[in-house]
Amino acid sequence: MADHQEATVTLPSDPVSVSAARGYVARVLTEWGLAEGSDLADAVRLIVSELTTNAVQHTFGLSPTFTVDLRLDRDEEFYLGVTDSHPRWPQKLPAAVRQDNGRGMVIIRSLAKECGGRLSVIPTPDGGKTVSIALPWPVPAQA
């Protein structure tokens, strides 16, 4: 397997794009050797669902698209980033706040930590942001 692999898709900021992003990521994970239905594959699918839902719902129409970037480095670390052009960063709600939504970042952070990874948010040059996770890659390189 190559030392470095990448895959990217840009989709409209529309609710139907969430399932399209999830399907795209699932296909790439399988191509890169991660078994469908594995704990990591399930966690990544949930993370991409939460990140892309945030990109659709919380940009208030000010980001017409979002981009999903995937990267696998040296068969050791997997990276998933979702970039939009809205400047508002994700908000972490206090535990005492009772709402039906707003827990996406808590879920993402918890899943990333459970998988031995980390969550980060970085600004983009155009004023938007990329919310990303980096996780250890459990699939051994094939000879």
Taking only Cα atoms and a 10 Å spring cutoff, compute GNM fluctuations for the chain and point out the largest among S13, S49, S38. S38
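Under a point-charge model restricted to the Cβ atoms of Lys and Arg (+1) and Asp and Glu (-1), what is the dipole moment magnitude of the chain relative to its Cα centre, in debye to the nearest 20? Don't skip to the answer; put the middle values down first.
Details: 13 positive and 17 negative charges, 129 e Å.
Charge dipole of the chain: 620 debye, to the nearest 20.
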Radius of gyration and Dmax over the Cα atoms of the chain, both given in Å: 14.9, 51
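For the chain, what is the percent of antiparallel DSSP beta bridges, rounded to the nearest 5?
Approximately 100 percent, going by the DSSP bridge assignments.
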Compute the helix-to-body angle for 104-114: its Cα long axis versus the longest principal axis of the chain, expressed 0 to 90° and rounded to tens. 30 degrees
For A35, project a label point 7 Å along Cα to C-beta. Then give me every residue of region 56-82 with its amide nitrogen under 20 Å of that point. 75-78
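Which loop GluC sites (Glu not before Pro) in region 41-79, with loop taken from DSSP, have no more than 12 other Cβ atoms within 10 angstrom of their Cβ?
Loop-located and lightly packed - E76.
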Whole-angstrom gap from region 68-83 to region 102-143, using each part's C-alpha centre: 9 Å
So, with points 7 Å from each Cα along the Cβ direction, the V139-T10 label distance in nm works out to 2.7 nm
What does the C-alpha gyration tensor say about the overall shape of region 1-67? Classify as rounded when a/c is under 1.5, otherwise prolate if a/b is larger than b/c, or oblate. prolate
Looks like region 1-40, by Cα gyration tensor root eigenvalues a ≥ b ≥ c and the a/c under 1.5 rounded cutoff (else prolate when a/b is bigger than b/c, oblate otherwise), is oblate
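We did not get these values from a lab; they are worked out from the coordinates using the rules stated. Note that the structure is a prediction, hence the values are computed from the model and not measured. Glycine gets a Cβ as well: all are built from the backbone with ideal geometry, and neighbour counts include every protein chain shown.
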